[in-house]
1. In region C:115-150, what residues are among the aromatic types (Phe, Trp, Tyr) and open to solvent by 10 Å² or more (accessible area, probe 1.4 Å)?
2. When you go through (1) under 22 Å from B:His290 (Cβ atoms); (2) without any contact (Cβ under 8 Å) to a residue 60 or more places away in the chain; (3) not aliphatic (A, V, I, L, M) one by one for B:Phe34, which number turns out not to apply?
3. Mind telling me which of the residues C:Val236, C:Val211, C:Val188, C:Val220 ends up being crowded, with 24+ Cβ neighbours inside 10 Å and out of contact with any Leu (no Cβ under 7 Å at 6 or more places or on another chain)?
4. Give the residue, chosen from B:Leu150, B:Leu119, B:Leu173, B:Leu167, that is in contact with a helix residue (DSSP H, G or I) (Cβ under 7 Å, 6 or more places away or on another chain), surrounded by 17 or more Cβ atoms within 10 Å (Cβ to Cβ) and within 23 Å of A:Gly256 (Cβ to Cβ).
5. Taking the condition of being closer than 20 Å to A:Gly106 by Cβ and hydrophobic (A, V, I, L, M, F, W, C), how many residues in region A:172-194 meet it?
6. Restricting attention to region A:224-253, report how many residues are at positive phi and over 11 Å from the mean Cα position of the chain (by Cα).
7. Would you be able to say whether some residue in region A:88-109 is surrounded by 16 or more Cβ atoms within 10 Å (Cβ to Cβ) and of a type in the set (Lys, Arg)?
8. Only one of A:Ala261, A:Ala231 is more than 10 Å from chain B (Cβ to nearest Cβ), part of a helix (DSSP H, G or I) and touching a Cys at 6+ places or on another chain (Cβ under 9 Å); which?
Amino acid sequence: MSSDLGLWGIPIAMLGGMIRVSTPYMFVSLGETITEKSGRINLGLEGTLLIGAVSAYGVSYKTGSPWLGVLAAGACGIVLGMVHAWLCSRPRVSDIAVGIAMMLFGMGLSFFVGKPLIQPEAPQLPAIELASFSDIPALREALRVNPLFLLGIALAFFLHWAFASTRIGLVLRMAGESKDAARALGYSVERVRMLATMAGGFLSGIGGSFLSLYYPGIWNEGLSSGQGLIAVALVIFARWNPMYCFYASLLYGAAGSLGTALQSAGVDVSPHLLNAAPAALTLAIMIATCSRDRALVGAPRELTVGA
Amino acid sequence: MSRMWQWAAPAATLGIELGALLVATVLFAIFLAFVGAEPFAVFGDMYTGAFGSAFAAQDSLARAAPLMLTALCTALPARLGMVVIGNEGALLLGGLAAAATAMALPAGLSPSVVLPALLLAGALAGAVWIAFSGFLRERRGVNETISSLLLFYIGLAIFLYLVEGPLRDPSSLNKPSTYPVGDANMLGDVPGMDVHLGLLFGLIACVISYVLMEHTTFGFAARVTGGNLRAARVMGLPVTRLVLITCALAGGAAGLAGAVEITAIHGSANATLYAGLGFAGILVSFVARHHALAIIPVAIMMGGIEASGGILQRRHDLPDAAVDVFKGILFLVILASETYVGKAEEAVQRMAAKYAAEANAQRAAAPAPVEKKSEAST
Amino acid sequence: MTSRKTLLTCLAMLALSAIGCGKKEEAPAPTEPGTPAAPEAPAADKPLTIGFIYVGPRDDFGYNQAHSEGAKAIAALPGVKILEEEKVPETMDVQKTMESMINIEGASVLFPTSFGYWDPHILKVAEKYPNVLFFHCGGMYDAAKHPKNVGSYFGYIDEAEYLNGIVAAHATKSKKLGFIAAKPIPQVLRNINAFTLGARSVKPDITVTAVFTGDWSLPVKEADAANSLIDQGIDVLTMHVDSPKVIVQTAEKRNVYSVGYHTSQAALAPKGYLTGAQWNWSKVYEAYLKTVKDKAPIEHLVRGGLASGFVTTSAYGPAVSEEAKAAAEKVKAEMMAGKFVIFKAGIKDNKGAVMVPADMVQTDPVLESMGYLVEGVIGSTGTGT
């Protein structure tokens, strides 16, 4: 039956948006956190995201299993991560340049491969109802979450713990803070970074699969609106802390849905200005929290990003 | 004789880059074969579409024109060690400023006053936008790559909001645009060619940038800063001023590109200005290794690749993304070849030194009298 | 060092171009602008080459697909060869694409289908090639301003939207309908208004909430809008975006009804798809083809609705009641007979002002500059009018 939520519809829609739209940001930013902690920046995740999305959609369509699609997306992400890492390991190659190149390559390849996938419908990922107790259909829908979202939360907690308390986490951070210390202990810095980049690619691919297999659940060249790039900004904004990545992603998701939620409730807003809300918010917070001397507190020292 | 060696190093580097182009072509050919297309036929048609006739050549040049300007937006700050990717935002705001200025100027002014004013306004708007990114870096330590990207999203929103809202021309109906700048105020073509004057602006801008960066004190200071920021600060170089001026110039170039698009092609500002020209400039700049003069041939090559995209669609049923795959492969291979460039330069210098040493040894061994001083090497 | 390298590179490129320009002599005949690739009736074996240009992918289940379906229809006719190019942006790119089709493939008729191609792109290229015909979808031809080798066509799809509204009104239980659109331009506003008027002719207290996403193809925003509208209790969704796929799929997932646009999306929503407003461009293209073959003078401003067959409605879905079908068919019959007026005298906008002083016929050009939303629409055109 119709529920006239009126203005209450806005926070509920934002809650739903927060959950739905944040998931790709979460996966990409968590993946990039792993990579950046090892001392390498991967700007190519936008390409990885799209390749993940198209491969997931294609595999799901061909095999009928969306979860196989997710795995395929992860696998493609690993491969792309390997390419990125190999290129960056060569002397005199800038990892920022490689990232931009991988982004362009990934985008081009995904659009190319995805051409025949625009029309067909692929089986979608299932959802879990968290709010089946509620009478309000809107609330039930907002809290109808995808398992990947829950996985993302779990991942954030896990990484937060693992970076601090496991040997792998320590080795990873050493590769990012001081190459010499890592080498002295007998670890190959290149190998650590390659594995970290592959892990980052794996997660980004999965983030992409969410877009094409759940929300919005199609393949189309307008699928990503720069999520991969913004996620890299998110990592810096979140100070390489997985929990902050999670919160930042939620913030992004909510800010992104604000415009359409307001319009649906009858509030007159320009769609264009609100589309920039997430970016403006991130920039404002970065300006407020950075300072010239403490610029990148928490930045892995080997990272080539910095003033 | 040593003159020859001075050409050897750049020739070797060029050889490697051409080799990279060849490798990229081969990889793309493999890709094409894999997806069921005819590699040789495709390349033939790409050539036809890019340089195969006067029409095609001018098509490539016309597409290259904006790229030269937008590439400078990444190339100039790169010499300072900064990575700026907000070119698209500067371009859009430049176009907006040009259109808005046309609306603000009183009617009846001569085009020789109006047109330069529009172009200048576009350049200023772009300059402010990217300089802001530089300002944030210097004052607040905000990474310029991230801030310029975020500023692009914000700039896009401002552009679309103004162009489809307060600045909209009510008679533009189904294609919301600003008021037209007026046919009299449009930028014309290069005499005798089917390409607009923006091409000349691009060429001139690249040459000026080259002179600036390689032959002035400013450029020298900028490159020193780019090489080692801490050393530059210790040496007392005015880093902040260098950053701000360079960013302003960079943004000015991209803003000018936007203004040129408005005055040479669109006639008013609207959503179709957002077509990825800024982002394409990033690629051009990286492939040209951020050297202003190298941007010219790279932009023309990119223009040619783009120009050939249509033929690939029509004759080979390849999606338009095929050229993007080629560009991606090209970019990656060129990056991978960076390693060899360094080795080649060293090898050439070693050979040149060896040759000079041998020449000296011969002269020393031969009887002295005839003063045939062959020039010392290098 | 760089300058030397650049010099070498430029020399190389000049050499390449010289070879290329030298090749001009051997290149096929039409290489200079203005050389007639005249649209004469095909000399027995030479086919008529017609070029289609799309702004997006031609299998988008929407705008571009509708045009492409029309193109396929005429490609099947004898003596016709079609060229298709997709994802051509509305910049200088499309000018070059048109010229490339003319110069390299010898096209003599072009159909650049996106609205944004009209001004300045088509107008500029048309002046350069007076012997090539250009037919544009949606433009407003003005004999005083525009070249003679140009024509524009469009369909009164608002008639189908009106019928959509009737069917939607019968299906809705909440009396709240949703319309997701890209931008508040006249073509879109006319559709929203016709839909609303049709719905309110059945139940006068129905409301239509209009949400504008800002651009023609933003799948995430469209999904967001669909979900937000459904959260607000809307149980029938329709749209005017380039690809309705996402919205129809979202509606089906959340068990609300959907009404389609551009082409039929029934396959995407087997339970919830009610009906839709579709283009039938093959009718228009065949008519133009005949004119060209007969070397007859072209009609510059072509418009038509249901009666002319330019637009149709999709087949009714399983959820449409007999009552709804009867009501829609009744009005449809009147439209076919040319007796129905959608924009009647006294229609007010959603701020209360009377916008339609007297009954307007469909062909009235004033309707093509519509700038308001009718009473019953919750939403704004964003222009402050």
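The values are calculated or read from the model by the stated rules, or taken from the named source; none is laboratory data. Just so we're clear, the structure is a prediction, and the values are computed from it rather than from any experiment. Neighbour counts are summed over all protein chains in view; Cβ atoms, including those assigned to glycine, are modelled from backbone coordinates with ideal geometry. When the accessible area is computed, the model is the full protein with side chains, heavy atoms only, and any ligands, DNA or RNA have been set aside. Shrake-Rupley method; radii C 1.70, N 1.55, O 1.52, S 1.80 Å.
1. Taking region C:115-150 as the starting set, the residues that turn out to be among the aromatic types (Phe, Trp, Tyr) are C:115, C:117-118, C:129, C:134-135, C:141.
C:Phe115, C:Trp118, C:Tyr141 - these are the residues of region C:115-150 that are among the aromatic types (Phe, Trp, Tyr) and open to solvent by 10 Å² or more (accessible area, probe 1.4 Å).
2. Just one mismatch for B:Phe34, condition (1).
3. Details: C:Val236 fails: out of contact with any Leu (no Cβ under 7 Å at 6 or more places or on another chain); C:Val211 fails: out of contact with any Leu (no Cβ under 7 Å at 6 or more places or on another chain); C:Val188 fails: crowded, with 24+ Cβ neighbours inside 10 Å.
Within the list C:Val236, C:Val211, C:Val188, C:Val220, the selection yields C:Val220.
4. Working: B:Leu119 fails: within 23 Å of A:Gly256 (Cβ to Cβ); B:Leu173 fails: within 23 Å of A:Gly256 (Cβ to Cβ); B:Leu167 fails: within 23 Å of A:Gly256 (Cβ to Cβ).
Being in contact with a helix residue (DSSP H, G or I) (Cβ under 7 Å, 6 or more places away or on another chain), surrounded by 17 or more Cβ atoms within 10 Å (Cβ to Cβ) and within 23 Å of A:Gly256 (Cβ to Cβ) holds for just one of B:Leu150, B:Leu119, B:Leu173, B:Leu167, which is B:Leu150.
5. Initially, region A:172-194 is screened for residues closer than 20 Å to A:Gly106 by Cβ, giving A:193-194.
Applying the additional criterion that residues be hydrophobic (A, V, I, L, M, F, W, C) yields A:194.
Summing the residues that are closer than 20 Å to A:Gly106 by Cβ and hydrophobic (A, V, I, L, M, F, W, C) in region A:172-194 gives 1.
6. Within region A:224-253, the subset at positive phi is A:226, A:239-240.
Those left that are additionally over 11 Å from the mean Cα position of the chain (by Cα): A:239-240.
Of the residues in that region, 2 qualify.
7. No, that holds for no residue.
8. On inspection, the qualifying residue turns out to be A:Ala231.
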